[in-house]
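Engineer: Quick one: this structure, given as structure tokens, is what I'll be asking you about.
The values are calculated or read from the model by the stated rules, or taken from the named source; none is laboratory data. In this text, all values refer to a predicted model and were calculated from it rather than measured experimentally. All Cβ positions, even for glycine, are placed from backbone atoms using ideal geometry, and neighbour counts span all protein chains on display. Calculation scope for accessible area: heavy atoms of the full protein, side chains included, ligands and nucleic acids excluded. Shrake-Rupley method; radii C 1.70, N 1.55, O 1.52, S 1.80 Å.
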Amino acid sequence: MIITFKKDAPVKEIQELVSILENSGIKIADASSENLGLFGLIGDTSVVDIDKIQAYSWVIEVTRITVPYKKASRQFHPMDTIVDVCGIKIGGSEKVVIIGGPCSVESVEQIDEIAQGVKAAGAVLLRGGAYKPRTSPYVFQGLETEGINILKKAKSKYGLPIVSEIMSVEKIDEFVENVDVIQIGARNMQNFDLLKKVGKTNKPILLKRGLSNTIQEWLMSAEYILANGNPNVILCERGIRTFETLTRNTLDLSVISIVKKLSHLPIVIDPSHATGHWELVETISLASIVAGCDGLIVEVHNNPEKALSDGQQSLKIEKFKTLVEKSRKLAQFIGRDI
Ligand code: PEP
Ligand code: MN
């Protein structure tokens, strides 16, 4: 980190800043010239609060050289992180992991039919929301604990580990005990209390990108989980809000290469929420595989017309099967597998 400042700065205030920085373990290299004050900060600058430095009226600029998300950054962790979910490896360059299932858990029969279908199609994990973050309080909110129990039944019948979204810190114990991957939804990406709490567990966490968050903000949220001791973070891009209204969200596929460059964490794409239309799911999924994603999380329903949430973007089981077949061929063509 570099601080530039005016040469007529009050010496007492400079000394104050220097001692604050030194007390937090930072070494200062003074490279000031006749006209400009310049300090190079050496050490772990992720602990430095830039806003506090900028609050000194004589500071001209504070520039970060290293990223503020030390633990999530590839700079300090060059090897890919591989998250192990009940023996299924997510990350690394070998496999593209396919996760399928409905937006919401609705009944035993619905999950049974979908779990059987996605398993036969080649999915290795089952998704399903039991606690649903809905825009309207008047629509289906999820089966809650009953939904988790339905997923568990399907897990033991079909051998598919389960992914489900947590919405509040009070449910941590329920999720740790029953769910294999805890999903943090887009709306909770910056629920820092929740991030800290899941960071204290060692469960795999699927961290979705927030509705309108930058990649850096998303990586900082991952940093919360890592900094609290949980290394098992899987990033999930589900599109962001833009001025475009023809799709539910906008998926910028360059995000995969950017994240791979900046971070060692695996990245999974959610083509369902990214587009909001079942017809767009296949092409976006295939394009994401070519772009280098580590997995896909796809909404699948046995009866989308009757789905209690997100039927418009859910694939029928047959369509999902075709998607997995094409994904496999494509993955093999680029030297990977599913
Ligand atoms: C979901 O996965 O069903 C969901 C609500 O997704 P998101 O948080 O990405 O909107
Ligand atoms: Mn959904």
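Engineer: Which ranges mark the strands (runs of 3 or more DSSP E) fully within the range 1-57 that have 2 or more residues being surrounded by 13 or more Cβ atoms within 10 Å (Cβ to Cβ)? It would help to see each step written out before you state the result.
Structural biologist: Values: elements: 2-6, 27-30, 36-42.
Fully inside the range 1-57 and qualifying: 2-6, 36-42.
Engineer: Please work out which one of (1) within 16 Å of ligand 2 (Cβ to nearest atom); (2) out of contact with any Asp or Glu (no Cβ under 6 Å at 6 or more places or on another chain); (3) touching a residue at least 12 places away in the same chain (Cβ under 8 Å) is the condition residue 308 fails and give its number.
Structural biologist: Tallying (1) within 16 Å of ligand 2 (Cβ to nearest atom); (2) out of contact with any Asp or Glu (no Cβ under 6 Å at 6 or more places or on another chain); (3) touching a residue at least 12 places away in the same chain (Cβ under 8 Å), residue 308 fails exactly one: (2).
Engineer: Restricting to the range 303-338, what's the tally of residues that are in contact with a Gly (Cβ under 7 Å, 6 or more places away or on another chain) and open to solvent by less than 80 Å² (accessible area, probe 1.4 Å)?
Structural biologist: Adding up the residues that qualify gives 6.
Engineer: Taking into account only those residues within the range 299-331 that are within 15 Å of residue 99 (Cα to Cα) and outside any helix (DSSP H, G or I), which is farthest from ligand 1 (Cβ to nearest atom)?
Structural biologist: The selected residue is 316.
Engineer: Another one. Could you please let me know if residue 225 is touching a residue at least 12 places away in the same chain (Cβ under 8 Å), of a type outside the set (Lys, Arg) and closer than 29 Å to residue 116 by Cα? Let's see the steps before the verdict.
Structural biologist: Details: touching a residue at least 12 places away in the same chain (Cβ under 8 Å): yes; of a type outside the set (Lys, Arg): yes; closer than 29 Å to residue 116 by Cα: no.
Here the answer is no, as residue 225 does not meet what is asked.
Engineer: Something else now. Please go through the range 100-139 and give me each residue that is open to solvent by 10 Å² or more (accessible area, probe 1.4 Å), assigned to a loop (DSSP other than H, G, I, E, B) and in contact (Cβ under 8 Å) with a residue 24 or more places away in the chain, ordered by number.
Structural biologist: Within the range 100-139, 106, 107, 122, 124, 131, 132, 133, 134, 139 qualify.
Engineer: Could you run through the range 171-182 and say how many residues are under 12 Å from residue 126 (Cβ atoms) and either open to solvent by 10 Å² or more (accessible area, probe 1.4 Å) or within 16 Å of ligand 2 (Cβ to nearest atom) (or both)?
Structural biologist: 2
Engineer: Here's another thing I want to ask about it. For the range 190-298, give me every one of the helices (runs of 4 or more DSSP H) that falls completely inside it and has 1 or more residues that are open to solvent by 40 Å² or more (accessible area, probe 1.4 Å). Please lay out each step first, then the result.
Structural biologist: Values: elements: 192-199, 215-227, 254-262, 271-275, 278-290.
By residue number, 192-199, 215-227, 254-262, 278-290.
Engineer: Let me ask something additional. Any residue in the range 41-54 that is at positive phi sitting within a Cβ distance under 6 Å of a residue that is outside any helix (DSSP H, G or I) and open to solvent by 40 Å² or more (accessible area, probe 1.4 Å)? List the pairs, counting only those 6 or more apart or interchain.
Structural biologist: 43/25; 43/27
Engineer: A follow-up question, please. Does residue 129 satisfy being at positive phi, assigned by TED's automatic domain parsing to the domain that holds residue 289 and either modelled with pLDDT of 95 or more or acidic (Asp, Glu) (or both)?
Structural biologist: Values: at positive phi: no; assigned by TED's automatic domain parsing to the domain that holds residue 289: yes; either modelled with pLDDT of 95 or more or acidic (Asp, Glu) (or both): yes.
Judged against the criteria, residue 129 is not a match.
Engineer: For the structure I just gave you, tell me whether residue 171 is closer than 19 Å to residue 298 by Cα and not in a loop (DSSP other than H, G, I, E, B). Spell out how you get there, then give the answer.
Structural biologist: On the way: closer than 19 Å to residue 298 by Cα: no; not in a loop (DSSP other than H, G, I, E, B): yes.
The answer is no for residue 171.
Engineer: Any idea which residue in the range 154-170 is farthest from the chain's Cα centre (by Cα), counting only those that are more than 16 Å from ligand 2 (Cβ to nearest atom) and surrounded by 20 or more Cβ atoms within 10 Å (Cβ to Cβ)? Walk me through it before giving the result.
Structural biologist: Here is the first cut: in the range 154-170, the ones more than 16 Å from ligand 2 (Cβ to nearest atom) are 154-161, 168-170.
Of the ones still in play, those that are also surrounded by 20 or more Cβ atoms within 10 Å (Cβ to Cβ) are 154-155, 160.
Values: 154: 25, 155: 23, 160: 21 Å.
Ranking the candidates gives 154 first.
Engineer: Same structure, new question: Can you confirm whether residue 180 is of a type in the set (Asp, Glu), within 16 Å of ligand 1 (Cβ to nearest atom) and more than 24 Å from residue 240 (Cβ to Cβ)? First the steps, then the outcome.
Structural biologist: Numbers: of a type in the set (Asp, Glu): yes; within 16 Å of ligand 1 (Cβ to nearest atom): yes; more than 24 Å from residue 240 (Cβ to Cβ): yes.
Judged against the criteria, residue 180 is a match.
Engineer: A follow-up question, please. Name the pairs whose Cβ atoms lie under 8 Å apart, with the first residue in the range 75-97 and exposed (fewer than 15 other Cβ atoms within 10 Å of the Cβ), the second among the polar types (S, T, N, Q) and in a loop (DSSP other than H, G, I, E, B), and 6 or more positions between them or separate chains?
Structural biologist: Final answer for the pair search is 75/66; 84/232.
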